[in-house]
Amino acid sequence: LPIAAYLALYDQLPDMIPSHFNAEGAVDGYMPKDTAVYLPSLLLAGVQLLCLFAMNTDPKRENYARQLKELVLWICPVISILMNAVIIMFCLGVDIHMETVAPVMVGVLFMIIGNYMPKVKQNYTMGIKIPWTLNSEDNWNKTHRFAGFIFVLSGLWMIVSAVLKLNEMWAVIPALVCVFFPVIYSYLLYRKESEGKEE
């Protein structure tokens, strides 16, 4: 669909298409139009195929809930359509504030992922795959419930910080929280469980 949209509007688009925006929403990267028509969509299609391959060859694929399979099927196509639609509208002169739109889109994505996190059962492809979660199903389940809560809160904060036009660091911090807090939580669970066994 994005490729079809680019081709349909080809003559109306500039020779150089924005490929990256800085924190202030200004364009700081371009790619030739002929490349932009195909490359972003094909790259995301490649990522989609890789995700599907990993999911379908996972030794614990029977643990995948139906909702998670649907998420894997739809997440890359939806991102591709939204991302390319925003860039095309920007190129056509639509007044789009990328410094707001991009964090809001990422925030919504984090909230969606957070909603699915507690539904992720132990596997080798999706989720927080660290030694302590892979070693214990109980650790996995508790860590993913905690991570789901953190992801939803972080996504909500990204949206709020973008709408209120706070400093860009306020959008970066929640992403770091989502990376480190679940790992720390999982390790603390592991330590608590280990100390209980020693007693």
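The values are calculated or read from the model by the stated rules, or taken from the named source; none is laboratory data. Given the structure is predicted, the values throughout are model-derived calculations rather than measurements. Here the Cβ positions follow ideal geometry from the backbone for every residue, glycine too, while neighbour counts run over all protein chains shown. Remember, those area values only see protein heavy atoms, side chains included, never the ligands or the DNA or RNA. Shrake-Rupley method; radii C 1.70, N 1.55, O 1.52, S 1.80 Å.
Miscellaneous remarks
- Accessible area (Å², per residue) of the range 55-107, counting only protein heavy atoms and a probe of 1.4 Å: 56
- Interchain or long-range residues, amide H under 5 Å from Ile17's placed H: Met31, Lys33
- In units of the compact-protein estimate 2.2 N^0.38 Å, the range 82-170 shows a Cα radius of gyration of 1.38.
- Residues of type aspartates and glutamates that Lys121 reaches as a straight line, Cα spacing below 16 Å, ignoring anything fewer than 8 places off in the same chain: Asp58, Glu62, Glu70, Glu137, Asp138
- Along principal axes, Cα extents of the range 1-115, largest first, whole Å: 48, 27, 20
- Relative contact order, whole percent, for the chain stands at 19, derived from Cα pairs under 8 Å and 6 or more residues apart.
- A simple rule links phi to the HN-Hα coupling: the Karplus curve 6.51 cos²θ - 1.76 cosθ + 1.60 with θ = phi - 60°, which for the range 42-58 gives 5, 5, 5, 5, x, 4, 4, 5, 5, 4, 5, 4, 4, 5, 6, 10, 5 Hz, with x for Gly and Pro.
- Within a Gaussian network of the chain (alpha carbon springs, distance under 10 Å), most fluctuating of Ala45, Ala147, Ala175: Ala45
- Loop-exposed trypsin sites (Lys or Arg not before Pro) per DSSP, neighbour cap 13 Cβ within 10 angstrom, longest uninterrupted part of the chain: 61-128
- Over the range 1-73, relative contact order from alpha-carbon pairs under 8 Å, at least 6 apart, %: 23
- Both radii come from the Cα set of the chain: Rg as radius of gyration, Rh as Kirkwood radius; their ratio Rg/Rh reads 1.05.
- Cα-projected label distance for Phe149 with Lys165, points at 7 Å along beta-carbon direction, nm: 3.5
- Cross-link pairs beyond the 23 Å C-alpha cut-off, checked among Lys69/Lys119; Lys33/Lys165; Lys60/Lys192; Lys129/Lys165; Lys119/Lys165: Lys33/Lys165; Lys60/Lys192; Lys129/Lys165; Lys119/Lys165
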